[in-house]
Amino acid sequence: MKVNDTGFIISAEKNPITGDCFWNAQVLKIDGEKIFVRLEDGLEGWMNKSEFMPLYMRNSHESN
């Protein structure tokens, strides 16, 4: 994972843009096991890396 990667998070709060529980997000900062993201509605905040699901695929031998 690196700054500017995009992906999504799952939230109990419904996304008003899509009507489901998935929120598109972009990584802005990385600090150990925490990342600072911007959601598609403009909100920003810190979250655990483990809660972020990237929207890209890579070979299994490549590192995070």
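Per residue, the accessible area of the chain comes to 72 Å², computed with a 1.4 Å probe over protein heavy atoms only. The candidate values were (1) 55, 31, 13; (2) 39, 31, 16; (3) 37, 23, 17; the one computed from these coordinates for Cα extents along the principal axes in Å carries the label (3). Where the accessible area of the chain is counted over protein heavy atoms with a 1.4 Å probe, how much of it, in %, is carbon and sulfur? Within the chain, the accessible surface is 52 percent carbon and sulfur.
The values are calculated or read from the model by the stated rules, or taken from the named source; none is laboratory data. Just so we're clear, the structure is a prediction, and the values are computed from it rather than from any experiment. Accessible surface areas use protein heavy atoms only, side chains included; no ligands, DNA or RNA. Shrake-Rupley method; radii C 1.70, N 1.55, O 1.52, S 1.80 Å.
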